[in-house]
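What follows is one structure encoded as structure tokens, with my remarks underneath.
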Amino acid sequence: MTQENKIAIVNSSSFGKMFDTHVERLEKIGQVDRFDFDSSIEGKQLAESLIGYNIIIASVTPFFTSEFFEHKDELKLITRHGIGYNNIDLEAAKAHGTIVAIVPPLIERDAVAENNITNLLALMRRTTESAQEVKNDGWENRARFIGNGLCGKTVGVIGVGNIGSRAVEILHYGFRCEVLGVDPNKTALEIDIFGGKKVELDELLERAEVICLCASLNETNYHLISKETIAKMKDGVYISNSARGALVDEAAIIEAIQTGKLRGYATDVLEVEPGRSDHPFLEYPNIILTPHTSAYTMECLEGMGDKCVSDCESIVEGRMPRRVVQPVSPYITA
């Protein structure tokens, strides 16, 4: 073991839990410890809690802010156990000389797209409600749980990148949906290849009976689904979100559920995570909330874990990890 390397697994509920080999490989290159911090921990406190750790395997929280980097001692690498990196200040990481790497999007592509559609179907077919009724010995009440089918619907997919394009394929080829795609970074041809039609946001909002959120979060789409955009939708739309919680204004979602403007909302993400049992979404039977488990398949977690371990091994050996989003570091010599 190389004692000078200390690896912190931060706020990950899954890394190393299913595949012992991931931790065993890490222990060959340094000391390995787990940490669980409050998602809103201040940067200075976070840095002080991780003194001496020069490699971090990070989850979606906490936030590695400029304040964190100002107070952090030597940090060679943050490798994200996922494809997003909006909880890491890349400019501060660059100034600190810290590599930031993520999981290649293809590893999560199928799992996350599948879960977006899975949650959507559970919502539309009222699966969780009817299953609970059986547990309550209410089999004869099945007529209370008449839902809606997905086949043939007009579906809008917002964000037709790695995961969104897979959702488009599933919806078009699997459910014979007319799929409208919104993505400023994709051409009409690129969306057409997967079975969708490129449109502007207003057209999608006006025409879609179902909306799937698959976009990455950035400064232009915070609360994209708001009171104003919901007002442009048809009455009785279903929305499924497997991307980021902050894409929607949660208060606007609740208001639209209360008025019947939205028929249902399925989400695997919240603006503030983790969610608690008193979250207002849980008061509504036509809102499905799952705990950020879209990537939680054995196949996906194995691939994600392999990537994070390989990143750590690479940085120790002086090699650049794959899928780096912040490549500037004084520690890479080869």
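The values are calculated or read from the model by the stated rules, or taken from the named source; none is laboratory data. Source: prediction; values computed, not measured. All Cβ positions, glycine included, derive from the backbone under ideal geometry; neighbour counts span all protein chains shown. Heads up: the accessible areas ignore ligands, DNA and RNA and are worked out on the full protein's heavy atoms, side chains in. Shrake-Rupley method; radii C 1.70, N 1.55, O 1.52, S 1.80 Å.
Of the residues making up segment 70-91, those that are touching a helix residue (DSSP H, G or I) at 6+ places or on another chain (Cβ under 6 Å), over 17 Å from Lys6 (Cα atoms) and not aliphatic (A, V, I, L, M) are His71, His81, Asp89. Per the conditions (1) open to solvent by less than 50 Å² (accessible area, probe 1.4 Å); (2) at pLDDT 95 or above, the sole criterion not satisfied by Thr118 is (1). Within segment 97-126, being in a helix (DSSP H, G or I), more than 30 Å from Met320 (Cβ to Cβ) and touching a residue at least 12 places away in the same chain (Cβ under 8 Å) holds for Glu114, Asn115, Asn116, Ile117, Asn119, Leu120, Leu121, Ala122, Leu123, Met124. Residues in segment 138-185 that are free of Cβ contacts under 8 Å to residues at least 40 places away in the same chain, open to solvent by 10 Å² or more (accessible area, probe 1.4 Å) and in a strand (DSSP E or B): Glu178, Val182.
Evaluate segment 55-63: report whether one residue or more is touching a residue at least 60 places away in the same chain (Cβ under 8 Å), in contact with a Cys (Cβ under 9 Å, 6 or more places away or on another chain) and part of a loop (DSSP other than H, G, I, E, B). Within segment 55-63, none of the residues are touching a residue at least 60 places away in the same chain (Cβ under 8 Å), in contact with a Cys (Cβ under 9 Å, 6 or more places away or on another chain) and part of a loop (DSSP other than H, G, I, E, B).
Please state which one of Gly43, Gly30 is open to solvent by less than 90 Å² (accessible area, probe 1.4 Å) and touching a His at 6+ places or on another chain (Cβ under 8 Å).
Checking each option against the conditions leaves just Gly43.
Does segment 4-27 hold any residues that are outside any loop (DSSP other than H, G, I, E, B) and open to solvent by less than 40 Å² (accessible area, probe 1.4 Å), and which are they?
Of segment 4-27, the ones outside any loop (DSSP other than H, G, I, E, B) are 6-10, 20-27.
If the condition is that a residue be outside any loop (DSSP other than H, G, I, E, B) and open to solvent by less than 40 Å² (accessible area, probe 1.4 Å), then Ile7, Ala8, Ile9, Val10, His22, Val23, Leu26 are the ones that fit.
With respect to Lys135, is the statement that it is charged (D, E, K, R), within 27 Å of Arg322 (Cβ to Cβ) and open to solvent by 70 Å² or more (accessible area, probe 1.4 Å) true?
Working: charged (D, E, K, R): yes; within 27 Å of Arg322 (Cβ to Cβ): no; open to solvent by 70 Å² or more (accessible area, probe 1.4 Å): yes.
The answer is no for Lys135.
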